[in-house]
Amino acid sequence: MDISTFLARFWGSLFLILGLSSMGAKFLGRVIQYTEDKTITVSTGYITFLLGLATVVAHNLWVADWRVAVTILGWITLLKGIEKITFPDRVNKKAQMFKGKQTVWGFVIFVIGAGYFWMSLK
């Protein structure tokens, strides 16, 4: 299995699970609540940063096919991690926008995960 397929399956599986958790168990609501605590936001920011950095280092392919989606997700994750570490208050303010729409955003996350997982099957 090449790195593109592995990362698409990894991110796809992660998003599928998080999307289902957000729709069923209201996981997204708890995550939004956790952003009120700067310590948790910064701590998860380091994890997010490391996941993004690992993806970018292993897969920085700017090509005209499905693999670029993995690269873009890596960069977005890396930048999100930096934002959570550097500006935890801003992350909390942005998270509040999603508070009342947990099921909708859970479905969006699920669909994104299904897309990445489907790409990995090619």
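Read-outs: derived from the displayed coordinates by stated rules, not from any lab. None of the values given here were measured: they were computed from a predicted structure. Virtual Cβ from ideal backbone geometry, glycine too; neighbours counted across all protein chains shown.
What the table below lists for this structure:
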{"item": "The chain: DSSP helices with Cα axial extent of at least 20 Å and average Kyte-Doolittle hydropathy no lower than 0.5", "result": "3-24, 38-58, 67-86, 102-120"}
{"item": "Ordering of 30-39, 57-66, 10-19 by packing [mean C-beta count within 10 Å, highest first]", "result": "10-19, 30-39, 57-66"}
{"item": "Relative contact order (percent, whole number), the chain, Cα cutoff 8 Å, 6+ residue spacing", "result": "47 percent"}
{"item": "Rg to Rh quotient for the chain, alpha carbon positions, Kirkwood Rh", "result": "0.99"}
{"item": "Length gained when the stretch D89-T39 is fully extended (0.36 nm per residue, less Cα-Cα span)", "result": "16.9 nm"}
{"item": "Under 19 Å from K38, Cα to Cα: lysines that are on another chain or at least 8 residues apart", "result": "K80, K84, K93, K94, K99"}
{"item": "Cβ crowding within 10 Å averaged over residues, with 68-76, 92-100 ranked highest first", "result": "68-76, 92-100"}
{"item": "Among V56, Q96, A69 - extreme Cα towards positive end, dipole of the chain, charges at beta-carbon", "result": "Q96"}
{"item": "15 Å beta-carbon shell around M1, net charge (K/R +1, D/E -1)", "result": "+2"}
